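Reading through the structure tokens given below for one structure.
The values are calculated or read from the model by the stated rules, or taken from the named source; none is laboratory data. Predicted model, so just to flag it, every value in this text is computed and none were measured. When we count neighbours, we look across all protein chains shown, and the Cβ atoms used for this are built from the backbone with ideal geometry, even at glycine.
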Amino acid sequence: MSDEEFLARQFETHRAHLRAVALRMLGSGPDADDALQETWLRLSRSDTSEVANLAGWLTTVVSRVCLDQLRARGARPEVSLDDPERPEPVLPQPAAGPEHEAVLADSVGVAMLVVLDTLAPAERLAFVLHDMFGVPFDEIAPIVDRAPAATRQLASRARRRVQGATVAPADLSRRRRVVDAFLAASREGRFDDLLALLDPEVSLLADDAAVASARLGAAAGAPGLQRELHGARAVATAFSGRARAAQAALVDGMPGAAWAPGGVVRSVFVFAVEDGRVASIEVVVEPDRVAALDVVLINGN
């Protein structure tokens, strides 16, 4: 068997998985097939003798090909509703293996693709690879040329947009009540209530500007803030007595909060609520990141 024949067999072994990734990334069968063809060409021209994980290598290559295509067509491409490979809308679920991925690739509905097409290319890639195919952020980060923490933020923002477009109004209302209760407990320093509202494994992520701002406030007696915190007690301690000036907001369509003096959003609190508790909080203060969020103030000035 020649080297090319061996590579061709290896490629065919992973074709279903690669097409599933490409179809989720690009949204159409013909585009996904073009991406697979380019991936095969790159494989056939590469020395893979030192590649220990060919499936991971191919996933990286097809992801980069798709990212290039998305950037070439623009962050918000037109969506064709006539593609025969687009059946009724189906929400994404994490992949459970190659067989599941092959089925998943053919279950991408029009509504979900429209939502995905609102994402920037790097956001879409991070969301698709991590949330739909379980690729770790450490492996996604080099593809989008960002640090793992920044890649996690890309996926988080994409997830909020997808959830905001698909979550039922009743569920949004329940999440709103949890966030409102958390803000009230934070303002009033009710530590035990904060603990009750937080998932035991809750995480807090603050950007550099948020940490710097909190450091300045700490000099004047305000609570400090660390870059990352994990666990309900640590997060409750950080937020007890904080958020006095924060007001309710919709952040990328999901319940959150913002500090907006004079109606100008200066900082944003992004919440993830799961099973009636706060699962994660992201504090965003860096101006470019704040500007990139879709923030709608509620009962604000």
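Could you list, in sequence order, the residues of segment 128-166 that are at pLDDT 85 or above and surrounded by fewer than 17 Cβ atoms within 10 Å (Cβ to Cβ)?
If the condition is that a residue be at pLDDT 85 or above and surrounded by fewer than 17 Cβ atoms within 10 Å (Cβ to Cβ), then Gly134, Pro136, Asp138, Pro142, Asp145, Ala147, Pro148 are the ones that fit.
Within segment 88-109, can one find any residue that is within 24 Å of Ala279 (Cα to Cα), assigned by TED's automatic domain parsing to the domain that holds Asp68 and at pLDDT 85 or above?
No, because not a single residue in segment 88-109 is within 24 Å of Ala279 (Cα to Cα), assigned by TED's automatic domain parsing to the domain that holds Asp68 and at pLDDT 85 or above.
Counting only residues that are of a type in the set (Lys, Arg) and surrounded by 21 or more Cβ atoms within 10 Å (Cβ to Cβ), how many does segment 14-66 have?
Residues flagged as of a type in the set (Lys, Arg) and surrounded by 21 or more Cβ atoms within 10 Å (Cβ to Cβ) within segment 14-66 amount to 2.
Residue check: is Ala272 in contact with a Ser or Thr (Cβ under 7 Å, 6 or more places away or on another chain), over 18 Å from Ala120 (Cβ atoms) and not in a loop (DSSP other than H, G, I, E, B)?
Taking the combined requirement at face value, the residue satisfies it.
Determine, yes or no, whether Asp33 is modelled with pLDDT of 90 or more, in the same structural domain as Phe127 (by TED's automatic domain parsing) and not β-branched (Val, Ile, Thr).
The answer is yes for Asp33.
Would you call Thr60 modelled with pLDDT of 90 or more, in contact with a helix residue (DSSP H, G or I) (Cβ under 9 Å, 6 or more places away or on another chain) and within 12 Å of Leu125 (Cα to Cα)?
Against the criterion (modelled with pLDDT of 90 or more, in contact with a helix residue (DSSP H, G or I) (Cβ under 9 Å, 6 or more places away or on another chain) and within 12 Å of Leu125 (Cα to Cα)), Thr60 qualifies.
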